[in-house]
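These notes concern the structure reproduced below.
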């Protein structure tokens, strides 16, 4: 197994040039069975990691410090794994899996995706398949987004605190949109099939909404304003 470990804390290492702040690391690997780890300490860190033309590669990016960290990951092949860990505020994560992923798992955001997380935000994203996309914006809330299949789209905005949102997509070309404003709202969208559309908007606090779609071509939307509302939509 080939390994590259870039440990960065105000000194120069082979993976990149580093200062007390504004650290930058770039790692490129070609072939299979790689492991790459980038650790950065400070503020305004930037990490770029590319693993190309191989399978069973592992990527780990950890950024700790005041914030404004940026991480980018590209993996090409099958059975790859990746994880990001960022502390501080105003962090961003992006990257993608390409080719025909089989068994790829991620804690972060992938497949030409974008994620913004402020302090106290917790997100889990798992994508298995092709051409899936996730856009995630979080403040002090929890989210789980799982996509299995192809061409799914998931968009999630959580502004406030203590929200929980879950998007589960299986099949192909399903679209889910969730917006949570306020605090302590819970939203779940589960889609299994093809070309389903589900949307949940919550403004207020202590609202609960669930959309379950089984089959093809279903459309559902829930709008909750205020507090203590409860709604469920099931489509077969």
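So here's what we get for this one:
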{"read-out": "Among the candidates 230, 184, 161, 206, residue that is farther than 20 Å from residue 133 by Cβ and touching a residue at least 40 places away in the same chain (Cβ under 8 Å)", "value": "161"}
{"read-out": "Every pair of residues 6+ apart whose Cβ atoms lie under 8 Å, when the first sits in the stretch 27-55 and is more than 17 Å from residue 71 (Cα to Cα) while the second is at pLDDT 70 or above and surrounded by fewer than 17 Cβ atoms within 10 Å (Cβ to Cβ)", "value": "54/33; 55/33"}
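The values are calculated or read from the model by the stated rules, or taken from the named source; none is laboratory data. This one's a predicted model, so the numbers in the text were calculated from it and none came from an experiment. Counting neighbours? That spans all protein chains shown, and the Cβs are built from the backbone with ideal geometry, glycine included.
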